[in-house]
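The values are calculated or read from the model by the stated rules, or taken from the named source; none is laboratory data. No experiment lies behind these values; they were computed from the predicted model shown. When we count neighbours, we look across all protein chains shown, and the Cβ atoms used for this are built from the backbone with ideal geometry, even at glycine. These accessible areas exclude ligands, DNA and RNA; they are computed on the full protein's heavy atoms, side chains included. Shrake-Rupley method; radii C 1.70, N 1.55, O 1.52, S 1.80 Å.
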Amino acid sequence: MSTTSNRGGSKNGTVVRMAKRQERSTGEKYTPYGEYHFRESIERARSPYSLRNGITALALMGLCTGIYFYSLNVVKQEDFSDVPMPPEPTSEEKAEFERRGKEEASSG
């Protein structure tokens, strides 16, 4: 049996050769790198960017951390003295409020 294949077409009359993968007895395709590993060619192609990607990740984490702690610090310093507080309700107003709540609960 020939390993040549014309899937994908031929260029200038040449036949494109495709490598056959070894199959296990269970019918699964055999990959020497395991299930969760990159191939060596991908690792070589990505290696020039790893330092730059690491520096970018640290810069973004630092920015997010700085914004978070700045926000906490600003909120902690706020004393809300400029926000007017309503006066405390009197005992008659509290009783009226409780009476209305009970009426609405029993009717609805």
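Descriptive notes on the structure:
- Criterion applied to Leu51, Leu58 was being at pLDDT 90 or above and loosely packed, with under 10 Cβ neighbours inside 10 Å, and the one residue passing it is Leu51.
- Subset of segment 84-107 (residues that are of a type outside the set (Lys, Arg), within 49 Å of the chain's Cα centre (by Cα) and assigned to a helix (DSSP H, G or I)): Phe97, Glu98, Gly101, Glu104, Ala105, Ser106, Ser107
- Flag if Phe80 is part of a loop (DSSP other than H, G, I, E, B), open to solvent by 100 Å² or more (accessible area, probe 1.4 Å), touching a Lys or Arg at 6+ places or on another chain (Cβ under 8 Å) and modelled with pLDDT of 60 or more: no
To keep it simple, each residue is scored yes or no on (1) open to solvent by 80 Å² or more (accessible area, probe 1.4 Å); (2) touching a His at 6+ places or on another chain (Cβ under 8 Å); (3) at pLDDT below 90.
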| residue | (1), (2), (3) |
| --- | --- |
| Val16 | no, no, yes |
| Gln22 | yes, no, yes |
| Tyr33 | no, no, yes |
| Ser41 | no, no, yes |
| Tyr68 | yes, no, no |
| Val74 | no, no, yes |
